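Everything below concerns the one structure shown next.
The values are calculated or read from the model by the stated rules, or taken from the named source; none is laboratory data. From a predicted model like this one, the values you see are computed outputs, not experimental measurements. So basically every Cβ, Gly included, is an ideal-geometry build from the backbone, and we count neighbours across all protein chains shown.
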Amino acid sequence: MKICEPKSDDDFKKYYELRWKILREPWNQPRGSERDEMDDSAMHIMVCIGDEVVGVSRLHFNSDEEAQIRYMAVDERYRRKGVGTMMLEELERRAREKGARHVVLNARENAVDFYRKNGYTVVERTYTLFNSINHFKMRKFLDE
Ligand SMILES: CC(C)(COP(=O)(O)OP(=O)(O)OC[C@H]1O[C@@H](n2cnc3c(N)ncnc32)[C@H](O)[C@@H]1OP(=O)(O)O)[C@@H](O)C(=O)NCCC(=O)NCCS
């Protein structure tokens, strides 16, 4: 199991496929709905086992001090094996390296305990996606 960055067209195809499969398909959202306008400039990472992509996530900056993680998704077969934590640690390392003081994210309700375990605290309840998924803004200060 290793962290890598998608580079080739094939890498990005697998990367977006997993993002869509985990975060959009179960709510009948079309392909393409898993992307946004920040994807071209954001940092992308994935966890691979051989040729298979089992985890994906993304980091972008909202300001010099604030980095944001989005689209964290782990293949169901590989959950609770440390894949998500591995990606969080790598994105936090990169955020710190680029000068961020804190990382924010909008956690789905089911993922709040995962982020809590990794040092994030809830700031406020934010929005509801697809009329069903409650989100909570969470934050972690990187020098803590
Ligand atoms: C949330 C998610 C990314 C976690 O990834 P993961 O690889 O399973 O997480 P890890 O194995 O690194 O978990 C680390 C710790 O977080 C906590 N944790 C992880 N998933 C949890 C869950 N579903 N419920 C409660 N605690 C959880 C546990 O304390 C876990 O440690 P343990 O397994 O030793 O008890 C993954 O479950 C996922 O992709 N979920 C569906 C998509 C999603 O909701 N993404 C987040 C969008 S904001």
Residues being in contact with a strand residue (DSSP E or B) (Cβ under 7 Å, 6 or more places away or on another chain), acidic (Asp, Glu) and more than 15 Å from residue 16 (Cα to Cα): count how many of those fall in region 66-94.
3
Quick one: in region 101-115, which of the residues that are over 20 Å from residue 26 (Cα atoms) and surrounded by 14 or more Cβ atoms within 10 Å (Cβ to Cβ) is farthest from the ligand (Cβ to nearest atom)?
101
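For every residue, the table says whether it meets (1) β-branched (Val, Ile, Thr); (2) closer than 19 Å to residue 59 by Cα.
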residue: 111; (1), (2): no, yes
residue: 117; (1), (2): no, no
residue: 125; (1), (2): no, no
residue: 133; (1), (2): yes, no
Please name all residue pairs, on different chains or six or more residues apart, with Cβ atoms under 9 Å, provided the first residue is in region 124-141 and is acidic (Asp, Glu) and the second residue is at pLDDT 90 or above.
124/136; 124/137
Name, by its number, the condition in (1) touching a residue at least 40 places away in the same chain (Cβ under 8 Å); (2) surrounded by fewer than 16 Cβ atoms within 10 Å (Cβ to Cβ) that does not hold for residue 18.
(2)
Looking for something assigned to a loop (DSSP other than H, G, I, E, B), within 15 Å of the ligand (Cβ to nearest atom) and closer than 22 Å to residue 34 by Cα - is there at least one such residue anywhere in region 78-100?
yes
Output the number of residues of region 31-77 satisfying the condition of being part of a strand (DSSP E or B) and in contact with a helix residue (DSSP H, G or I) (Cβ under 7 Å, 6 or more places away or on another chain).
17
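If you scan region 1-50, which residues turn out to be of a type in the set (Phe, Trp, Tyr) and either within 17 Å of residue 76 (Cα to Cα) or at pLDDT below 95 (or both)?
Residues of region 1-50 that are of a type in the set (Phe, Trp, Tyr), as a first pass: 12, 15-16, 20, 27.
15, 16, 20, 27 - these are the residues of region 1-50 that are of a type in the set (Phe, Trp, Tyr) and either within 17 Å of residue 76 (Cα to Cα) or at pLDDT below 95 (or both).
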Checking the structure you have, find out if any residue of region 51-71 is more than 9 Å from the ligand (Cβ to nearest atom), at pLDDT below 95, more than 12 Å from the chain's Cα centre (by Cα) and farther than 19 Å from residue 138 by Cβ.
yes
The residue that is farthest from the ligand (Cβ to nearest atom), considering only those in region 9-37 that are within 14 Å of residue 52 (Cα to Cα) and not charged (D, E, K, R), is 12
